[in-house]
There are 2 protein chains.
Amino acid sequence: MRKNEENKFPSELRFDLISKDWVVIATGRAKRLEHFRKEKRREIKISPKECPFCHIETQEKPVLIYSHGKKASLEKIPKDWTTIVIPNKFPAFLPYLKLEKKREGEFYQKMNAVGYCELVITKDHQKSLALLPLEHVKEVLDAYQERFLSLKKKRFVNYIFIFHNHGAEAGASQPHPHSQIITTPLVDVDLKKALFNAKKYFKEKKRCIYCQMNKWEMKVKKRIVFENKDFLALCPFASKSAFEVIISPKKHLPYFEKISEKEKWNLAEALQVVLKKLFKALNDPAYNFYLHTAPSDGKEYPYYHWHLTILPKTGIWAGFEMGARMEISTLQPEKAAEYLRKA
Amino acid sequence: MRKNEENKFPSELRFDLISKDWVVIATGRAKRLEHFRKEKRREIKISPKECPFCHIETQEKPVLIYSHGKKASLEKIPKDWTTIVIPNKFPAFLPYLKLEKKREGEFYQKMNAVGYCELVITKDHQKSLALLPLEHVKEVLDAYQERFLSLKKKRFVNYIFIFHNHGAEAGASQPHPHSQIITTPLVDVDLKKALFNAKKYFKEKKRCIYCQMNKWEMKVKKRIVFENKDFLALCPFASKSAFEVIISPKKHLPYFEKISEKEKWNLAEALQVVLKKLFKALNDPAYNFYLHTAPSDGKEYPYYHWHLTILPKTGIWAGFEMGARMEISTLQPEKAAEYLRKA
């Protein structure tokens, strides 16, 4: 019997109710809390002078522009724009006119990747969403919603995925803060599974599984990072990595795109508070955040509950995570939440 | 219509027959082939003098030792050992005596992470498996098999996962070449899904889906990287990332641990040839490789087909891959295979 065994459960498996995966919380191999505060992130060396997103208005045809909370004309781009949406120059999905399915041999299938790829860019080259004025964060959410509603109407748009990569370690190739929107002609297997499990719970218990979890979390409080009137930010029970935070509406709401003005302000606050806390606690870490909302395929998903996941890059997925697809977190979410509450 | 659309299918979705996921092959955002040849990898600065794996025989109690192809006594450790297996000092799973399940509230579930974590270490501090003598690669496979057979007998060992991380970008924390063995009390969701789909195909078509794919690949040849009498190495049709290579037995074999002496030599050759080709083609890239074989839970899996996956780190998983769980490769597997065949 090894030394660590003396501690009660320094290594445990926790069940994710939505994905039905088990994650590993292995605190025996943990760094101490302060060790998550990394040295400065690897820098992406692109200065404002070389940056393709500074002065974007002279190079690209934007599809949406905001200037200090107001929508601006696409024809007459204001010099003082604050948020701009442009097509992605390096799209993974393209606006093909047809969805062509092809076969190779007896069983291989492929199709052209029909979709739209856009970038949501805030003006400041340096300041991330944690550091911008709150109204600019709200404006970014306005842009998300507006593009979502607009892209939803297009053909072959069955899922709209909005995400944000911050830092080289999180896969960002530009240091200038920006989010990405990608539409896909199909709903990915992971979301399908989540929808399936949420639907099953909804049918059996006549309740939303996400609402039930939020209710429990508000009762026990130990994993809550922040809350306001509309939103709850918490480190989930089955955290996929240290300091994962999920922000979800307190009300049962399946569709992000139906978010109200008031809710957008409160989401902007919750998102910024969490990003600020991570900035302080982990020394401006690299991170990804992304929205999970109901598909845009025209069907109804009354049992789903949209949410936003923030994943700081506190480790690298190695062979175990890639191959066994079991994620290892080296910190209990209860401790992460406590640390973030205080930050 | 954007410029890229003129090309036929620069972006396509390919269906993975085993996972039922779609992967994105987006060559429109591709680097040219030579751009995959990265600058030197980020170095892990641990010299042989500070390395915990050099002279491990004086610090750790090994569980298996080989010296030049022969098993050595654990009592009298030879100075000239070539491969050694030791318990992992920082285990994610621990040899608890009981599998204790616990609940939190109405629906959260957890259990202690029962299992064994071991390291398979080759003597040379510098030389990776690509550069060692072939007999040392074979010896590593001997160690995998022997530990597999031994761990399989233990309680709560329902799955044995063997993997290798090479380079900091692939999650290695030590530069000294080593593989890892982790046993888990449960079969992860991903493998369950693969088993389910393989079983379904086997029942319906009275054939193994992996064998059928190999048959097709040997016919069209365009994705083959290397083959010998027993093994086929190819870039899979639905590659998860650029330069992914899968090595699988040509015969229908569900269980890695039943591998014969002759097959081990041929696997050692195939593995080393592929790693050498990657070394040359991508300038000693960071990579993970891992074994997928039937569970060790005492049940029979006649429909499964074991294989070894090699994933060079040619990109970083960002928000899209993490959140939509759709993987983007920027290179067609046919081109990757052609490039590797020539390397």
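Name the single residue, out of those in the range A:28-43 being assigned to a loop (DSSP other than H, G, I, E, B) and of a type in the set (Lys, Arg), that is modelled with the highest pLDDT.
Per the criteria, the residue is A:Arg42.
A quick yes/no check of all residues on (1) farther than 24 Å from B:Asp80 by Cα; (2) out of contact with any Phe, Trp or Tyr (no Cβ under 6 Å at 6 or more places or on another chain); (3) not charged (D, E, K, R):
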{"position": "B:Lys102", "(1), (2), (3)": "yes, yes, no"}
{"position": "B:Asn112", "(1), (2), (3)": "yes, no, yes"}
{"position": "B:Val120", "(1), (2), (3)": "no, yes, yes"}
{"position": "B:Val140", "(1), (2), (3)": "no, yes, yes"}
{"position": "B:Tyr144", "(1), (2), (3)": "no, yes, yes"}
{"position": "B:Leu149", "(1), (2), (3)": "yes, yes, yes"}
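How about the range A:301-343: which of its residues are of a type in the set (Asp, Glu) and modelled with pLDDT under 95?
A:Glu321, A:Glu327
For the range A:111-228, which strands (runs of 3 or more DSSP E) that fit wholly inside it have 1 or more residues that are within 18 Å of the chain's Cα centre (by Cα) and of a type in the set (Phe, Trp, Tyr)? It would help to see each step written out before you state the result.
Values: elements: A:117-122, A:159-166, A:178-184, A:224-227.
Because the criterion is at least 1 residues that are within 18 Å of the chain's Cα centre (by Cα) and of a type in the set (Phe, Trp, Tyr), the strands (runs of 3 or more DSSP E) in the range A:111-228 that meet it are A:159-166, A:224-227.
Within the range B:87-100, count every residue that is surrounded by fewer than 21 Cβ atoms within 10 Å (Cβ to Cβ) and within 22 Å of the chain's Cα centre (by Cα).
4
Go through (1) in contact (Cβ under 8 Å) with a residue 60 or more places away in the chain; (2) among the hydroxyl-bearing types (Ser, Thr, Tyr); (3) surrounded by fewer than 22 Cβ atoms within 10 Å (Cβ to Cβ); (4) over 30 Å from A:Pro177 (Cα atoms) and name the single condition B:Ser241 misses.
Failed condition: (4).
What are the residues in the range A:101-112 that are within 15 Å of B:Ile25 (Cα to Cα) and surrounded by 14 or more Cβ atoms within 10 Å (Cβ to Cβ), if any?
A:Tyr108, A:Gln109, A:Lys110, A:Met111, A:Asn112
Restrict the check to the range B:265-287 and report whether at least one residue is more than 24 Å from B:Gln126 (Cβ to Cβ), touching a helix residue (DSSP H, G or I) at 6+ places or on another chain (Cβ under 6 Å) and within 14 Å of chain A (Cβ to nearest Cβ).
no
Residues being crowded, with 22+ Cβ neighbours inside 10 Å and more than 14 Å from chain B (Cβ to nearest Cβ): count how many of those fall in the range A:295-336.
3
Can you give me the number of residues within the range A:125-137 that are within 16 Å of A:Cys54 (Cα to Cα) and surrounded by fewer than 16 Cβ atoms within 10 Å (Cβ to Cβ)?
Number of matching residues: 2.
Looking at the range A:67-88 only, could you name the residues that are without any contact (Cβ under 8 Å) to a residue 60 or more places away in the chain and among the hydrophobic types (A, V, I, L, M, F, W, C)?
Within the range A:67-88, A:Ala72, A:Leu74, A:Ile77, A:Trp81, A:Ile84, A:Ile86 qualify.
What's the number of the only condition in (1) among the aromatic types (Phe, Trp, Tyr); (2) surrounded by fewer than 21 Cβ atoms within 10 Å (Cβ to Cβ); (3) under 25 Å from B:Ile328 (Cβ atoms) that B:Tyr210 fails to meet?
(2)
Mind listing whichever residues of the range B:315-337 are touching a residue at least 40 places away in the same chain (Cβ under 8 Å), of a type in the set (D, E, K, R) and in a helix (DSSP H, G or I)?
Matches in the range B:315-337: B:Glu334, B:Lys335.
Go through the range A:245-290 and count every residue that is in a strand (DSSP E or B), closer than 17 Å to A:Asn214 by Cβ and within 14 Å of the chain's Cα centre (by Cα).
4
Per-residue answers, yes or no, for (1) within 14 Å of chain B (Cβ to nearest Cβ); (2) of a type outside the set (Asp, Glu); (3) under 18 Å from B:Ala324 (Cβ atoms); (4) surrounded by fewer than 21 Cβ atoms within 10 Å (Cβ to Cβ):
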{"position": "A:Gly69", "(1), (2), (3), (4)": "no, yes, no, yes"}
{"position": "A:Lys76", "(1), (2), (3), (4)": "no, yes, no, yes"}
{"position": "A:Lys79", "(1), (2), (3), (4)": "no, yes, no, yes"}
{"position": "A:Val85", "(1), (2), (3), (4)": "no, yes, no, no"}
{"position": "A:Glu139", "(1), (2), (3), (4)": "no, no, no, no"}
{"position": "A:Ser150", "(1), (2), (3), (4)": "no, yes, no, yes"}
{"position": "A:Asn158", "(1), (2), (3), (4)": "yes, yes, yes, yes"}
{"position": "A:Phe163", "(1), (2), (3), (4)": "yes, yes, yes, no"}
{"position": "A:Gln174", "(1), (2), (3), (4)": "yes, yes, no, yes"}
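Does A:Asn228 satisfy the criteria of being assigned by TED's automatic domain parsing to the domain that holds A:Ile18, of a type outside the set (Lys, Arg) and surrounded by fewer than 17 Cβ atoms within 10 Å (Cβ to Cβ)?
So A:Asn228 fits the description; yes.
Which ones in the range A:91-125 are free of Cβ contacts under 8 Å to residues at least 24 places away in the same chain and either more than 12 Å from chain B (Cβ to nearest Cβ) or under 17 Å from B:Gln332 (Cβ atoms) (or both)?
If the condition is that a residue be free of Cβ contacts under 8 Å to residues at least 24 places away in the same chain and either more than 12 Å from chain B (Cβ to nearest Cβ) or under 17 Å from B:Gln332 (Cβ atoms) (or both), then A:Leu94, A:Glu100, A:Lys102, A:Arg103, A:Glu104, A:Gly105, A:Tyr108, A:Gln109, A:Lys110, A:Asn112 are the ones that fit.
What number of residues in the range A:55-86 are outside any loop (DSSP other than H, G, I, E, B) and out of contact with any His (no Cβ under 8 Å at 6 or more places or on another chain)?
Going through the range A:55-86 one residue at a time, the tally reaches 12.
The values are calculated or read from the model by the stated rules, or taken from the named source; none is laboratory data. Since we're looking at a predicted model, the values are computed, not measured. All Cβ positions, glycine included, derive from the backbone under ideal geometry; neighbour counts span all protein chains shown.
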